[in-house]
Amino acid sequence: MICLIKALNNAASGIVAGQKNVDTIANNIANINTTGYKKSRADFKDAVYSALINPENPQSAVNLQQGSGVLISSISKLFSAGTFIETDNPLDFSLTDDGFFAVENDEGEVLYTRDGSFKISQYEGEQYL
């Protein structure tokens with residue numbers, strides 16, 4: 001009975017990890033037309049292993065291990081260059097290597113983006129229009 005429960009837990013962990021992978025792929029597809037979007041990738045790792053014990057000689061080392069499923073280790077962003085689209089806007093830029101554009105928001109904070117479609121804002125007094 002215990003072996004059956006372990007097997008079901010292993011299967012369940014695989015199903016949960018597989019669903020997270022499908023969710024990550026679906027998010028990538030949903031954002032395929034978002035300028036500057038970087039796709040994600042789900043990375044997996046083995047769950048805890050336990051050494052199998054020889055019932056005839058519990059002191060002897062057995063070189064077999066039993067796993068207990070799979071876990072999500074991380075969701076990684078892939079910063080590879082996307083497809084370049086030529087535009088007529090002289091303020092459109094693209095990144096061919098790693099890196100980000102540094103931009104400043106209204107509060108003076110520096111923010112980073114990979115979206116290279118820039119526009120000029122009018123500045124009147126102390127306010128951008």
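Here are some notes:
- When the stretch 110-122 is limited to residues that are open to solvent by 100 Å² or more (accessible area, probe 1.4 Å) and part of a loop (DSSP other than H, G, I, E, B), the one that is modelled with the lowest pLDDT turns out to be GLN122.
- When residues in the stretch 23-40 are screened for being part of a helix (DSSP H, G or I) and surrounded by 11 or more Cβ atoms within 10 Å (Cβ to Cβ), 5 of them pass.
- Pairs linking a residue in the stretch 13-38 that is farther than 23 Å from SER68 by Cβ and aliphatic (A, V, I, L, M) to a residue that is open to solvent by less than 40 Å² (accessible area, probe 1.4 Å) and not in a helix (DSSP H, G or I), with Cβ atoms under 9 Å and 6 or more positions apart or on different chains, are ILE25/SER40; ILE25/ALA42.
- Filtering the stretch 1-41 to residues that are within 30 Å of GLY116 (Cβ to Cβ) and touching a Leu at 6+ places or on another chain (Cβ under 8 Å) leaves LYS38, LYS39, SER40, ARG41.
The values are calculated or read from the model by the stated rules, or taken from the named source; none is laboratory data. Quick caveat: nothing in here was measured; it's all calculated off a predicted structure. Virtual Cβ from ideal backbone geometry, glycine too; neighbours counted across all protein chains shown. For the accessible areas, the whole protein counts, side chains as well, though only heavy atoms, and no ligand, DNA or RNA atoms are used. Shrake-Rupley method; radii C 1.70, N 1.55, O 1.52, S 1.80 Å.
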